[in-house]
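The values are calculated or read from the model by the stated rules, or taken from the named source; none is laboratory data. Predicted model only: the values in this text are computed from it and were never measured. Here Cβ is always computed from backbone atoms with ideal geometry, including for glycine, and neighbour counts include all displayed protein chains. The accessibility values were calculated without ligands, DNA or RNA, using every heavy atom of the protein model including side chains. Shrake-Rupley method; radii C 1.70, N 1.55, O 1.52, S 1.80 Å.
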Amino acid sequence: MIIAIDGPAASGKGTVSKKLAAHYGLRHLDTGLLYRAVAKALLDKGHAPGDEARAVAAAKSIDPAGFDETALKRYDVGEAASVVSAIPGVRAALFNFQQEFAAAPPGAVLDGRDIGTVICPNADVKIFVTASPEVRASRRANELRGRGERADEKVILADLIARDERDRSRATAPLMQAPDAHLLDTSALDIDGAFRAALALVERPRR
């Protein structure tokens, strides 16, 4: 079984995906980490995230087995990843890896922004997870503070809105809800509530 989870930053898609993967005994891939790894590789060497040639080269050489998720979750890396992910060559370089991960038995849960539309258009279940920008900004601020980072919620809100616009308007694989994806708004849900709602969508009779 392949479950595709898409949605904007801090919507709760990552948490929901991990819990669904654990529930069904499937592998999980946070595809955003792939783009974050590319972004971090550029930042670590002092290069701009919009440097297309270097970004594509980094995408072709990343090794998910060596990911440091804590470092990749840094706020500056996330912002740079939004720029990197708009580069068509980067998306092309990571395309096969994501498809092969999804296709390997016994299946997988992948979360990102183009899973149901581009990476796994034939996924068994597609869910588009969203939440209001204000709720997402609050969640991201709490996440950063929990890691000991400073967080200005107003700045984060502005950055999230700008990132949403970049993700939705990019020419290659824009963020959008697949026509056959279930919509899950987590604005008023806690983690357990979001998981139960997602589980109910997966368990709906599939055509």
Next item on the list: Would you point out which residue out of 144, 175 is in a loop (DSSP other than H, G, I, E, B), open to solvent by less than 20 Å² (accessible area, probe 1.4 Å) and closer than 14 Å to residue 9 by Cα?
Entry: 175
Check: Filter region 152-172 for residues that are over 29 Å from residue 91 (Cβ atoms) and out of contact with any helix residue (DSSP H, G or I) (no Cβ under 7 Å at 6 or more places or on another chain); which is surrounded by the fewest Cβ atoms within 10 Å (Cβ to Cβ)?
Finding: 154
Notebook entry, point to check: Quick check: is even one residue across region 119-138 open to solvent by less than 60 Å² (accessible area, probe 1.4 Å), touching a residue at least 60 places away in the same chain (Cβ under 8 Å) and of a type in the set (Asp, Glu)?
Noted result: no
Notebook entry, point to check: When region 190-207 is examined, which residues are found to be closer than 23 Å to residue 31 by Cβ and open to solvent by less than 70 Å² (accessible area, probe 1.4 Å)?
Noted result: 194, 195, 197, 198, 199, 201, 202
Margin query: Quick check on my filter: what residues within region 31-57 are among the small types (Gly, Ala, Ser) and more than 25 Å from residue 7 (Cα to Cα)?
Written below: 46, 48, 53, 57
